[in-house]
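These notes concern the structure reproduced below.
The values are calculated or read from the model by the stated rules, or taken from the named source; none is laboratory data. The shown structure was predicted, so the numbers you read here are calculated from the model rather than taken from an experiment. Please note: Cβ atoms are built from the backbone with ideal geometry, for glycine as well, and neighbour counts cover all protein chains shown. When the accessible area is computed, the model is the full protein with side chains, heavy atoms only, and any ligands, DNA or RNA have been set aside. Shrake-Rupley method; radii C 1.70, N 1.55, O 1.52, S 1.80 Å.
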Amino acid sequence: MASKRGRLDQFIARRLQVSKKAVRQLLIANKVVVDGEYAKSPDLLINEFNHIICNGVVLQQYQKQYYMLNKPDDVVSATIDDKHPTALSLLVGVDHDMLHIAGRLDLHSTGLLLITNDAKWSAALMAPDNKVDKHYIVTLANPIDESYIDAFANGMYFEFEGITTLPAQLTILSTYQARVVLREGKYHQIKRMFGRFRNPVVGLHRESIGKIGLDKTLFLGQFRLLTTAEIDCVIQQ
């Protein structure tokens, strides 16, 4: 989802259904206020988060929103779904307009979901060039051993897409459980990597994305606003 940028005169003309000439007259008469200041230039570039007032009427007042959700099982990482509850439906009391998920989880995966209306921020969070680590706790159907560690570290070739995964870090936590750290997110990547060992994944829980860790006080299905420090730790290009 790209950030919405455009000219001020085009925005006002579209919202008020008037000509650009009429918009210029409003600007000359100091009738347009953008972020608390009188706007003079018709070609001023604005985005979805500029606060815009024209002739005393608020035309736009979106505020940036950032949430973390502890996603439960059987919840879809989507805005709309006919069969299952969605992640956004769990954000009770929140205006869902423009919200989207930064880094989805599968239907039966649990853990950290980040939800925002700031497209630039989420794009930076997910950009491969930023090398953002994603930490998962994986529970397997069969025992795991040391041979998994090198296989994940060396990357795996997926013939269907013709790609080799980036090196991934695997740490064995117990006979049936491991922590996996990825810097990418190919389709069902973790399940497919363990599939090379014919070892089905029976549980997948995301602990963190980059420097943002799942708040341990959040029960499944609960959410909270991100802190300023958590928001600011994402490097925007």
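Counting only strands (runs of 3 or more DSSP E) that sit completely within the stretch 20-117, those holding 2 or more residues that are over 26 Å from residue 135 (Cβ atoms) correspond to 32-34, 45-47, 52-54, 57-60. Checking every residue in the stretch 211-219 against the condition of being among the charged types (D, E, K, R), exposed (fewer than 15 other Cβ atoms within 10 Å of the Cβ) and under 30 Å from residue 95 (Cα atoms) gives at least one match. Once the stretch 210-237 is narrowed to residues that are of a type outside the set (A, V, I, L, M, F, W, C) and in contact with a helix residue (DSSP H, G or I) (Cβ under 7 Å, 6 or more places away or on another chain), the residue that is modelled with the lowest pLDDT is 237. Just so you know, in the stretch 13-44 the residues that are open to solvent by 100 Å² or more (accessible area, probe 1.4 Å) and either of a type in the set (S, T, N, Q) or under 32 Å from the mean Cα position of the chain (by Cα) (or both) include one that is farthest from residue 119 (Cα to Cα), and it is 25. Cβ-Cβ contacts under 8 Å between residues 6 or more apart (or on different chains), taken from a first residue in the stretch 40-51 that is farther than 15 Å from residue 23 by Cβ to a second residue that is open to solvent by 40 Å² or more (accessible area, probe 1.4 Å) and hydroxyl-bearing (Ser, Thr, Tyr), are listed as 47/3; 48/3; 48/62; 49/62. Only helices (runs of 4 or more DSSP H) whose full extent lies in the stretch 145-237 are considered here, and the ones with at least 3 residues that are more than 23 Å from residue 66 (Cβ to Cβ) and touching a residue at least 12 places away in the same chain (Cβ under 8 Å) are 147-154, 189-195.
From the list 103, 111, the lone residue that is open to solvent by 10 Å² or more (accessible area, probe 1.4 Å) and within 18 Å of residue 188 (Cβ to Cβ) is 103. Sort out which residues of the stretch 74-93 are surrounded by fewer than 18 Cβ atoms within 10 Å (Cβ to Cβ) and touching a residue at least 60 places away in the same chain (Cβ under 8 Å), and write them in order of number. 91 - this is the single residue of the stretch 74-93 that is surrounded by fewer than 18 Cβ atoms within 10 Å (Cβ to Cβ) and touching a residue at least 60 places away in the same chain (Cβ under 8 Å). The number of residues in the stretch 193-202 that are crowded, with 16+ Cβ neighbours inside 10 Å and either more than 21 Å from residue 103 (Cβ to Cβ) or in contact with a strand residue (DSSP E or B) (Cβ under 7 Å, 6 or more places away or on another chain) (or both) comes to 3. Selection of the stretch 54-73 for residues being within 18 Å of residue 208 (Cα to Cα) and crowded, with 18+ Cβ neighbours inside 10 Å yields 66, 67, 68, 69, 70, 71. Just one residue in the set 163, 172, 149, 190 is surrounded by 13 or more Cβ atoms within 10 Å (Cβ to Cβ) and under 21 Å from the mean Cα position of the chain (by Cα); that residue is 190.
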